[in-house]
Amino acid sequence: MRCVVQRVSRAAVTVADKTVGSIGKGLLVLVGVQQGDELEDARYCAEKVAGLRVFEDENDKMNLSVQDVGGSVLAVSQFTLCGDARHGRRPSFSAAESPRRAEMLCEVFVDTLWKTGLRVETGVFQTHMEVSLVNDGPVTILLDSRKAF
């Protein structure tokens, strides 16, 4: 599972001109499920997101998690994170998990975040979404459950 984690002052996701999820201060997480990902991958990434220390403390050091600052998470599925653009100009998405299994693993990811006590909003799986955000910092972190980076 791959995640792009962005610290935001606010973020929202819209489907067909209707806002389906929005947060204030917190993390926008784009979630890509790869073939072969398991429940442990979803849980690993969710726990990593919940505990990631990317918010400043009183000494302006990134030392606080989204939980510590009372923030929220907006999780948005994005299969294109599994794209491979190393060859040619058109990315291959053959490493992306099937929609049915990917949706289940995204739900495990979100459920794991909820169990930490975080407020979690989501997009709508397998729809065209418009995501808006104000990246705070900017701070953007890449996570990979396979620890490829």
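On the given criteria, is S94 hydroxyl-bearing (S, T, Y) and in a loop (DSSP other than H, G, I, E, B)? Yes. When A12, A75 are checked against the criterion of being assigned to a strand (DSSP E or B), open to solvent by less than 80 Å² (accessible area, probe 1.4 Å) and touching a helix residue (DSSP H, G or I) at 6+ places or on another chain (Cβ under 8 Å), a single residue qualifies: A75. The number of residues in region 135-149 that are surrounded by 13 or more Cβ atoms within 10 Å (Cβ to Cβ) and of a type in the set (A, V, I, L, M, F, W, C) comes to 3. Among the residues of region 41-50, is any part of a loop (DSSP other than H, G, I, E, B), more than 25 Å from E130 (Cβ to Cβ) and either of a type in the set (G, A, S) or free of Cβ contacts under 8 Å to residues at least 40 places away in the same chain (or both)? Taking every residue of region 41-50 in turn, none turns out to be part of a loop (DSSP other than H, G, I, E, B), more than 25 Å from E130 (Cβ to Cβ) and either of a type in the set (G, A, S) or free of Cβ contacts under 8 Å to residues at least 40 places away in the same chain (or both).
Scanning region 117-126 for residues that are closer than 14 Å to M1 by Cα, within 15 Å of the chain's Cα centre (by Cα) and of a type in the set (S, T, Y) turns up nothing. The residues listed here are E107, E56; of these, the one that is without any contact (Cβ under 8 Å) to a residue 24 or more places away in the chain, surrounded by fewer than 20 Cβ atoms within 10 Å (Cβ to Cβ) and more than 23 Å from K147 (Cα to Cα) is E56.
Is there a residue being in contact with a Gly (Cβ under 6 Å, 6 or more places away or on another chain) and modelled with pLDDT of 95 or more anywhere in region 25-40? Yes.
The values are calculated or read from the model by the stated rules, or taken from the named source; none is laboratory data. None of these values were measured; they are calculated from a predicted model. Counting neighbours? That spans all protein chains shown, and the Cβs are built from the backbone with ideal geometry, glycine included. Keep in mind that these areas ignore ligands, DNA and RNA; they rest on the heavy atoms of the full protein, side chains included. Shrake-Rupley method; radii C 1.70, N 1.55, O 1.52, S 1.80 Å.
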